[in-house]
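Visitor: Below: one structure in structure tokens.
The values are calculated or read from the model by the stated rules, or taken from the named source; none is laboratory data. These numbers come from a predicted model, not from an experiment. Here Cβ is always computed from backbone atoms with ideal geometry, including for glycine, and neighbour counts include all displayed protein chains. The protein model used for the area step is the full one, side chains on, heavy atoms only, and it has no ligands, DNA or RNA in it. Shrake-Rupley method; radii C 1.70, N 1.55, O 1.52, S 1.80 Å.
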Amino acid sequence: MAAHQEKKSEERKRKSTQNDTQTSQAQWGRAWEVDWFSLASILFLLMFAPFIVYYFIMSCDQYQCSLTDPVVDLLMGNKHLSDIWNKTPPLTYRAAGIYTLWVTFQVFLYVFIPDLCHKFLPGYVGGVQEGAVTPAGVVNKYEINGLQAWIITHLLWFANAYYFHWFSPTIIFDNWIPLLWCANILGYVVSTFAMIKGYLFPTNAKDCKFTGNFFYDYMMGIEFNPRIGKWFDFKLFFNGRPGIVAWTLINLSYAAKQQELYGQVTNSMILVNVLQGIYVLDFFWNEAWYLKTIDICHDHFGWYLGWGDCVWLPYTYTLQGLYLVYHPVQLCTANAMGILILGLIGYYIFRMTNHQKDLFRRTNGNCKIWGKKPEYIECSYMSVDGTKFYSKLMTSGFWGWARHFNYTGDLMGSLAYCLACGFEHILPYFYIIYMMILLTHRCLRDEHRCLSKYGKDWKRYTAAVPYRLLPGVF
């Protein structure tokens, strides 16, 4: 009897694994058909997202980070668009050189320096790792060395600041708008190249999707995992490098500019550097885990990721530090401690929620969550060939509080970054507004996919865990 039950359990696990692959192949990636709402949204982003980024940076450069004053000036006739544009710093050879050197250096670290950190850092997973199965059934291998690239880059940064003095630590801030033009050029070049590659020489033709709509294909991507050679994976490189490595360097440059202008670095700037630094380090420490996330497992590579990682991420995720250069805020001790605690609690929830889910999956539920065996709902679902399989949805720990409680922790951390800037202007709060929209949309998209997959069992799960993000509210 025991042998029969063990055999049945193993069969279920085998079927579950097979079904994960088969069902995912049917559902992964972007849509095959484009509805009018999706097309309208894409056209809006393609036309206006670059101008939104420019508007934010320009408002700080010319209007002390006020988002309303430029509009008032234009409506009142005090200025014309040409006046604002003529005061905008142009692309310079210096900025082009800095940016080219930066990207080249990150490519070098990514492609040519195998990871050594996993050999001497306990608990860190680096080196060659396998990704998830693609819709075509391919399992790509990745060289996970982001933490190593981050460490090397920052060691060189501090060595220059305190010893070599090759360039000023304020170099990023001092060339911020010219670097914006460089980032836009790279974003559009890599996105256009990815689309051409998808048509003419895809890495795997079976992992390509064509809708027939040029704008949709350009933005959302055609190839699932475009690669050059064995190791240069477009998606992993541009998701993690150079933008996220640069994130902490950009904040350090802002802090250096504060020191240069005011003779001190405010505690609000230190908070932003520390809290966002923790988030960045967490990303690279868990880069192997990132291979299993929606970005790698579902998204194709197009303008959305190519331009987004080159421009949107480094220029909008760092608005708090930029704002604090123009409006230094010295928080009282109580407020600073409150913001620090909020950020740390948010990070703890974000990390522990993801850890609980990963542990539950790896052990097939044979683990302890908060000191006891986890509760779960066993679900059945049909594969594309009509075979019935089984899976488990955990209802214990943080996952019993809300269905996406990891996003709740992420939002708490995002709010802490913004609160460090005070309440004088709305610009530094763009990040929390954007993250609320992004993560709420991601919740709804994930749940639509799960409802299609699990059917009535998903309804049982949502009845057991009724809230998405905030227990008792939403």
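Visitor: Can you list which of the DSSP-assigned H helices in the chain have a Cα extent of 30 Å or more along the long axis and an average Kyte-Doolittle score of at least 0.0?
Guide: Values: long enough: 2-27 (36 Å, -2.38); 36-63 (38 Å, 1.46); 176-200 (35 Å, 1.29); 333-362 (43 Å, 0.21); 430-454 (36 Å, 0.16).
Span-like helices, by this rule, are 36-63, 176-200, 333-362, 430-454.
Visitor: Shifting gears a bit: State the percentage of accessible surface on the range 244-296 attributable to carbon and sulfur atoms; use a 1.4 Å probe and exclude ligands, DNA and RNA.
Guide: Details: 1100 of 1700 Å².
The computed percentage sits at 65.
Visitor: With a probe of 1.4 Å, find how much accessible area the range 56-153 has per residue, and write the answer as a whole number in Å².
Guide: Details: 5270 Å² over 98 residues.
Dividing the accessible area of the range 56-153 by its residue count gives 54 Å².
Visitor: Where only protein heavy atoms count, and the probe is 1.4 Å, what is the accessible area per residue for the range 331-473 in Å²?
Guide: 51
Visitor: I would also like to ask the following. For the range 201-256 and the range 59-113, what is the centre-to-centre distance using only Cα atoms, to the nearest Å?
Guide: Each part reduced to its Cα centre gives a spacing of 22 Å.
Visitor: Taking the alpha-carbon distance from residue 372 and a cut-off under 16 Å, which lysines remain once sequence neighbours fewer than 8 residues away in the same chain are dropped?
Guide: By straight Cα distance, residue 372 reaches 357.
Visitor: With a 1.4 Å probe and every protein chain kept in, tell me what percent of the accessible surface of the range 113-242 is carbon plus sulfur. Don't skip to the end; give the middle numbers.
Guide: Working: 4040 of 5800 Å².
Of all accessible area on the range 113-242, carbon and sulfur atoms account for 70 percent.
Visitor: Then there's this: Under 8 Å for C-alpha pairs, at least 6 residues apart: give me the relative contact order for the chain, rounded to a whole percent.
Guide: Working: 630 pairs, mean separation 81.9, N = 474.
It rounds to 17 percent for the chain.
Visitor: Also, I was wondering about something else. How much area per residue is accessible in the range 203-301 when the probe is 1.4 Å and only protein heavy atoms are counted (Å²)? It would help to have the intermediate numbers written out before the result.
Guide: Working: 3220 Å² over 99 residues.
Result: 33 Å² of accessible area for each residue.
Visitor: Could the peptides 446-458, 146-158 be put in order, highest first, of the mean number of other beta-carbon atoms found within 10 Å of their residues? Working shown, then result.
Guide: Numbers: 446-458: 15.7, 146-158: 18.2.
Sorting 446-458, 146-158 by mean packing, highest first, produces 146-158, 446-458.
Visitor: Something else about it: Once neighbouring chains are kept in place and the probe is 1.4 Å, which whole percent of the accessible area of the range 364-455 is contributed by carbon and sulfur?
Guide: Working: 2600 of 4240 Å².
So the carbon and sulfur contribution to the accessible surface is 61 percent.
Visitor: Now, a different point. Can you list the lysines whose alpha carbon sits under 29 Å from that of residue 209, skipping same-chain ones fewer than 8 residues off?
Guide: 15, 141, 197, 230, 235, 292, 388, 453
Visitor: How high is the relative contact order of the range 292-416? Use alpha-carbon pairs under 8 Å, at least six apart in sequence, and give a whole percent. Don't skip to the answer; put the middle values down first.
Guide: On the way: 99 pairs, mean separation 35.8, N = 125.
Normalised by residue count, the contact order of the range 292-416 is 29 percent.
Visitor: Now for a different question. Positive end of the charge dipole of the range 183-235 (Lys, Arg +1 and Asp, Glu -1 on Cβ, about the Cα centre): tell me which of 205, 186, 219 has its Cα farthest that way.
Guide: 205
Visitor: Moving on to the next point. Rank by packing, highest mean first: peptides 95-103, 236-244, 54-62, with packing defined as the count of other Cβ atoms within 10 Å averaged across residues. Show your work: numbers first, answer last.
Guide: Working: 95-103: 16.6, 236-244: 23.7, 54-62: 18.7.
Per-residue mean Cβ counts within 10 Å order the peptides as 236-244, 54-62, 95-103.
Visitor: Tell me the relative contact order for the range 93-330 as a rounded percent, counting alpha carbon contacts under 8 Å between residues six or more apart. Provide the component values of the computation, followed by the final result.
Guide: Details: 321 pairs, mean separation 62.2, N = 238.
Across the range 93-330, relative contact order equals 26 percent.
Visitor: Here's another thing I want to ask about it. Evaluate the distance, in nm, between pseudo-label points positioned 7 Å from the Cα of residue 438 and of residue 293 along their respective Cα→Cβ axes.
Guide: Those two pseudo-labels are separated by 0.9 nm.
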